[in-house]
1. Name the single residue that is farthest from V230 (Cα to Cα) among those in segment 131-145 being in contact with a His (Cβ under 7 Å, 6 or more places away or on another chain) and modelled with pLDDT of 95 or more.
2. Is it the case, given these coordinates, that R188 is modelled with pLDDT of 95 or more, of a type in the set (K, R) and surrounded by fewer than 18 Cβ atoms within 10 Å (Cβ to Cβ)?
3. Does segment 1-24 hold any residues that are farther than 17 Å from R45 by Cα and more than 17 Å from the chain's Cα centre (by Cα), and which are they?
4. Looking at G195 and the list (1) on the phi < 0 side of the Ramachandran plot; (2) more than 17 Å from the chain's Cα centre (by Cα), which single condition is not satisfied?
5. Suppose we filter R91, R99 for residues that are in contact (Cβ under 8 Å) with a residue 40 or more places away in the chain, within 30 Å of F190 (Cβ to Cβ) and of a type in the set (K, R); which single one remains?
6. Is it the case that some residue within segment 205-215 is assigned to a loop (DSSP other than H, G, I, E, B), under 29 Å from A103 (Cα atoms) and under 15 Å from the mean Cα position of the chain (by Cα)?
7. Just to verify a result, which residue in segment 126-160, among those that are charged (D, E, K, R), touching a helix residue (DSSP H, G or I) at 6+ places or on another chain (Cβ under 8 Å) and part of a loop (DSSP other than H, G, I, E, B), is surrounded by the fewest Cβ atoms within 10 Å (Cβ to Cβ)?
8. Taking interchain pairs and intrachain pairs at least six residues apart, which have beta carbon atoms under 8 angstrom, with the first residue in segment 132-143 and at positive phi and the second of a type outside the set (S, T, Y) and not in a strand (DSSP E or B)?
Amino acid sequence: MLPILYQDDHVVVIHKPSGLLVHRSELDRHETRFAVQLLRDQLGRHVHPAHRLDRGTSGVLVFALDKDSARHLGGQFERQEVNKTYLAIVRGHPAEHGRINHALTRRRDDAEWVGSHRADDAQDAITDFRRLATCELPHAVDRYPTSRYALLELSPQTGRRHQIRRHLKHIAHPVIGDAIFGKGRHNRLFQALFGCQRMLLACARMQLVHPVTGLPLDLLAPLDGDFARVVEALGWRAAIPTTLATHRAGTT
């Protein structure tokens, strides 16, 4: 059963687990489990995803339960009217806060990273970030005798594909567990130390407008599973903002 964060007659919001595709992909034809299919079977009715999350990203995923609501919600995402807050564990110690303003090429789909691709002109892309906590582990990685990591809160101001992951790679602080844009040696260290098999990126909070009532929806997906265990092991639990640490769903 998919964890439901919010549900009414027009909208349903789930906490998507890491590793689950939102819908069928050309690159994953062998997969038989998708969030759309699982939620449809769970509710016994059609559902319409209002946006997407990468397969490895967990957290808030919004669906509409009718076509009119789907159009309304989709428009909010397209017009960049939705406030999104992510948490990520990254390599290194970034600045305490900053803005990544780096244009990204628009890609047709995920096939760009594993084979031939067609890229369009670069699009503006902006991600704001705030450093919540840091650590230094006594484990040699690359040429350094120790390894540094940080917990970040991120707010993408635009909605480009893989934006956060690509932006963090651009500033040399990739997400731990990211097999495409990250660093394998650091990913393997977290697997060995913490048994973590996932990408440490989560959509922790989303704020949008209800498509029918017009009231604000404030949706929260607290960290769980491997992500929560890593945060606990690194002593970062108190660094999670209180606005992201407790379950909240519904109107503000």
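The values are calculated or read from the model by the stated rules, or taken from the named source; none is laboratory data. Everything numeric here is computed off the predicted structure, so don't read it as measured data. Quick reminder, even Gly has a Cβ in these numbers, built from the backbone with ideal geometry, and neighbours come from all protein chains shown.
1. Ranking the candidates gives R131 first.
2. yes
3. R24, the sole residue that qualifies.
4. (1)
5. After ruling out the rest, the residue left standing is R91.
6. no
7. Only one residue tops the list, namely D142.
8. D142/R185
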